[in-house]
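Undergrad: The structure's right below; bear with me while I get my questions together.
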Amino acid sequence: MEITIGRTLLRLVEGDITQQETDAIVNAANSELAGGGGVDGAIHRAGGPAIHEECMRIRRERGRLPAGQAVITSGGRLKARYVIHTVGPIWRGGDHGEDETLASAYRSSLELAREHGLRTVAFPSISTGAYGFPVERAARVALGAVRDFLLRPEGQGLEEVRFVLFSGRDLEVYERALKDMS
């Protein structure tokens, strides 16, 4: 499924984010930037040691990456030139600022993409795996944050924002959320 927001194509696909041929893919990272399970582990494994080394350098310079913020590294051996690492919120019931923190993770990632002159970015469903954020709610927050960014003047340079959903079920949830938003 795809729609155009401003001048940007927003596309929803099922697939493996490590295989995307975009300027950047977004990693649902942990605050330590240390790799791990899920999307984070898959990106570190597929991208090779260069990504981990850059993450460790950033960690030494900046300390832990707070939830809602993002940093950028090379793409290592990935098809994408860059990886934007962002930390989503851990779900704690929904009344601890989780929606705003998740929206901030998407906005921060898009701002980094813009600052680096990137045209195409692929996102996973941030925080919906081990961090336990309900996918239905996460889809609405994610798509709303991306839409709002793309409608601002600074969002005009992006040509495509792609959500790469690992399962058919998650793709269906995001498609319903996008239809409801339109």
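Undergrad: Can you list residue pairs whose Cβ atoms sit under 6 Å apart, with the first residue in the stretch 88-111 being among the aliphatic types (A, V, I, L, M) and the second being part of a loop (DSSP other than H, G, I, E, B)? Count only pairs 6 or more apart in sequence or on different chains.
TA: Listed by first residue and then by second, the contacts come to ILE90/TYR131; LEU102/GLY88; LEU102/PRO89; LEU102/SER127; ALA105/GLY68; ALA105/GLY88; ALA105/ILE126.
Matching residues to (1) at negative phi; (2) more than 13 Å from the chain's Cα centre (by Cα); (3) small (Gly, Ala, Ser); (4) surrounded by 15 or more Cβ atoms within 10 Å (Cβ to Cβ):
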position	(1), (2), (3), (4)
THR4	yes, yes, no, no
ARG7	yes, yes, no, no
GLY38	no, yes, yes, yes
GLY41	yes, yes, yes, no
ARG59	yes, yes, no, yes
ALA67	yes, no, yes, yes
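Undergrad: So, in the stretch 80-135, of the ones that are in a loop (DSSP other than H, G, I, E, B) and of a type in the set (S, T, N, Q), which residue ends up farthest from PHE149 (Cα to Cα)?
TA: To start, the set of residues in the stretch 80-135 that are in a loop (DSSP other than H, G, I, E, B) comprises 80-81, 87-97, 116-119, 124-134.
Retained after the next criterion (residues that are of a type in the set (S, T, N, Q)): 125, 127-128.
Details: SER125: 17, SER127: 20, THR128: 21 Å.
The selected residue is THR128.
Undergrad: Which residue out of ILE51, ILE72 is in a helix (DSSP H, G or I), at pLDDT 95 or above and touching a His at 6+ places or on another chain (Cβ under 8 Å)?
TA: On the way: ILE72 fails: in a helix (DSSP H, G or I).
Result: ILE51 is the single residue among ILE51, ILE72 that is in a helix (DSSP H, G or I), at pLDDT 95 or above and touching a His at 6+ places or on another chain (Cβ under 8 Å).
Undergrad: Within the stretch 174-182, can one find any residue that is hydroxyl-bearing (Ser, Thr, Tyr), surrounded by fewer than 21 Cβ atoms within 10 Å (Cβ to Cβ) and either under 17 Å from THR8 (Cβ atoms) or touching a helix residue (DSSP H, G or I) at 6+ places or on another chain (Cβ under 9 Å) (or both)? Walk me through it before giving the result.
TA: Residues of the stretch 174-182 hydroxyl-bearing (Ser, Thr, Tyr): 174, 182.
The next check asks that each one be surrounded by fewer than 21 Cβ atoms within 10 Å (Cβ to Cβ); those that pass are 182.
Then drop every residue that is not either under 17 Å from THR8 (Cβ atoms) or touching a helix residue (DSSP H, G or I) at 6+ places or on another chain (Cβ under 9 Å) (or both), which leaves 182.
Checking the stretch 174-182: at least one residue is hydroxyl-bearing (Ser, Thr, Tyr), surrounded by fewer than 21 Cβ atoms within 10 Å (Cβ to Cβ) and either under 17 Å from THR8 (Cβ atoms) or touching a helix residue (DSSP H, G or I) at 6+ places or on another chain (Cβ under 9 Å) (or both).
Undergrad: Checking THR4 against (1) in contact (Cβ under 8 Å) with a residue 24 or more places away in the chain; (2) closer than 29 Å to MET181 by Cα; (3) not in a loop (DSSP other than H, G, I, E, B), only one condition comes out false. Which one?
TA: (1)
Undergrad: Shifting gears a bit: List the pairs whose first member sits in the stretch 25-50 and is polar (S, T, N, Q), whose second member is not in a helix (DSSP H, G or I), and whose Cβ atoms are under 6 Å apart, counting only residues at least 6 apart or on separate chains?
TA: As it stands, the answer is ASN27/VAL83; ASN27/HIS85; ASN30/GLY36; SER31/ARG64; SER31/LEU65; SER31/VAL87, since those pairs meet every condition given.
Conditions tested, residue by residue: (1) basic (Lys, Arg); (2) part of a helix (DSSP H, G or I); (3) without any contact (Cβ under 8 Å) to a residue 40 or more places away in the chain; (4) out of contact with any Ser or Thr (no Cβ under 9 Å at 6 or more places or on another chain).
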residue	(1), (2), (3), (4)
GLY144	no, yes, no, yes
ARG147	yes, yes, no, yes
LEU150	no, yes, no, no
GLU154	no, yes, no, yes
VAL164	no, no, no, no
ASP170	no, yes, no, no
TYR174	no, yes, no, no
ALA177	no, yes, no, yes
ASP180	no, yes, no, yes
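Undergrad: Out of (1) of a type in the set (D, E, K, R); (2) closer than 23 Å to GLU98 by Cβ; (3) at pLDDT below 95, what's the single condition that is false for ARG64?
TA: (3)
The values are calculated or read from the model by the stated rules, or taken from the named source; none is laboratory data. Just so it is clear, the model here is predicted, and its values are computed rather than measured. So basically every Cβ, Gly included, is an ideal-geometry build from the backbone, and we count neighbours across all protein chains shown.
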